[in-house]
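S.K.: Could you have a look at this structure, given as structure tokens, before my questions?
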Amino acid sequence: MRALVEQQAVRVEGLVGRVAELERWLGKDSSNSSKLPSSDGPFAKPALKRSSRTRSGRGPGKQDGTSGATLKRVEDPDETVTSDPEICCGCGDSLVDAPVFDERRHQVFDAPRPLFVPR
């Protein structure tokens, strides 16, 4: 019985060393060894990027208290373009009697002419 216990103790000691070696091997990635980043696997998380800049507390956009301005859509446009395709570009079927299922409106604003044109 004593011989069996000694054999098992030697075996357990060898297995403990093997487990430690495997844990060390599994803990290696591109950040702590010479392995390539592509060998890290699909579940490897990149290190968090922390900025040294601090937030000012102001939100993005215009400052509070100033009046906003937007370009409004005109009621009577100068030009209207209607696009009615006769056939489907995917299957080639006729679209003559097909119902309208989508309508898009675009308004183009021209830039004003410059007051002074340099020569």
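Read-outs throughout are calculated quantities, based only on the coordinates presented, and are distinct from any laboratory measurement. Note that the structure is predicted; figures quoted are calculated from it, not measured. No Cβ is skipped: glycine too gets one built from the backbone with ideal geometry, and neighbour counts run over all protein chains shown.
S.K.: How high is the relative contact order of the chain, in percent, counting Cα pairs under 8 Å that sit 6 or more residues apart?
M.R.: 8
S.K.: Still on this model: Can you give the Kirkwood hydrodynamic radius for the chain, in Å, rounded to one decimal and based on Cα pairs?
M.R.: About 25.6 Å, per the Kirkwood formula over Cα pairs.
S.K.: Let me ask another. About its Cα centre, what dipole magnitude does the chain give when the only charges are +1 on Lys and Arg Cβ and -1 on Asp and Glu Cβ, stated in debye to the nearest 20?
M.R.: Rounded to the nearest 20 debye, it is 1520 debye.
S.K.: Another question, if that's okay. Applying the Karplus parametrisation 6.51 cos²θ - 1.76 cosθ + 1.60 with θ = phi - 60° to the phi angles of the range 75-82, what ³J(HN,Hα) value in whole Hz is obtained for each residue in order, glycine and proline being reported as x?
M.R.: Those phi angles translate into 6, 10, x, 5, 9, 10, 10, 10 Hz.
S.K.: What distance in nm separates the two pseudo spin-label positions at V81 and R104, each 7 Å out from Cα along the beta-carbon direction?
M.R.: Taking the two extended label points, one gets 1.1 nm.
S.K.: Just to be sure I understand: if I project the alpha-carbon convex hull of the range 1-45 onto a plane and average over all orientations, what area do I get in nm²?
M.R.: Approximately 4.1 nm², given one-decimal rounding.
S.K.: Quick one: which residues, 5+ away or cross-chain, put their amide H under 5 Å from the amide H of L95? H built at 1.01 Å from N.
M.R.: Amide H to amide H, under 5 Å and 5 or more residues apart or across chains, L95 pairs with I87, C88.
S.K.: Working from Cα positions, state the angle (0 to 90°, nearest 10) between the long axis of helix 2-26 and the longest principal axis of the chain.
M.R.: With both axes taken from Cα atoms, the answer is about 20 degrees.
S.K.: For the range 34-78, take every pair of Cα atoms, bin their distances at 10 Å starting from 0, and report each bin as a whole percent.
M.R.: P(r) for the range 34-78, in whole percents per bin: 15, 19, 16, 18, 17, 13, 2.
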